[in-house]
Amino acid sequence: MKKGALIFLLLIPFVLMSQSNKQITEDFLQSFVDAFNAHDIKAIMSHMTDDCMFEASAGPDADGEKFTGQDHVKKAFENVFATFPNAHWGSPQHFISGDRGFTEWVFTGIKTDGTKVEVTGCDLFTFRDGKIRIKNSYRKNRTQTK
């Protein structure tokens, strides 16, 4: 009996750690895309950690522009919707491996100046505690649309 109790006490930290490390699923990533397509900022940000980071596919630096923390990332996403009022990420395909994953998509939108955009891209994710810690976006740089 004492040996069983000792084993149980030794296993408690492992059981608690596995319960606090939520597994990311394809359904979770799909709900993230759905929130973007609904332009639902609150739902989008609920998928991300408090100290989240968004690495945009464009910006002044070689690796784009980085936004850190809920407020800064939220503003970056709001700017996307202001620039592309009908922004849509179609044909998403999700892949997950441990604490990393990615989603491929086709972005379509019309800028407020009337410019039509249609590009293929992907988001590379780093996950922590069942949420997105880093969203690193990449897209094709299409020079003109037909």
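Pairs of lysine residues in region 25-139 that meet both criteria, 8 or more places apart or on different chains and Cα atoms under 16 Å apart, total 9. Electrostatic tally near ILE96: other residues with Cβ closer than 11 Å to its Cβ, Lys and Arg +1, Asp and Glu -1, net -2.
Bear in mind that the values in this text are calculations on the coordinates, not laboratory data. Just so we're clear, the structure is a prediction, and the values are computed from it rather than from any experiment. In this analysis, Cβ positions are derived from the backbone assuming ideal geometry, glycine residues included, and neighbour counts consider all displayed protein chains.
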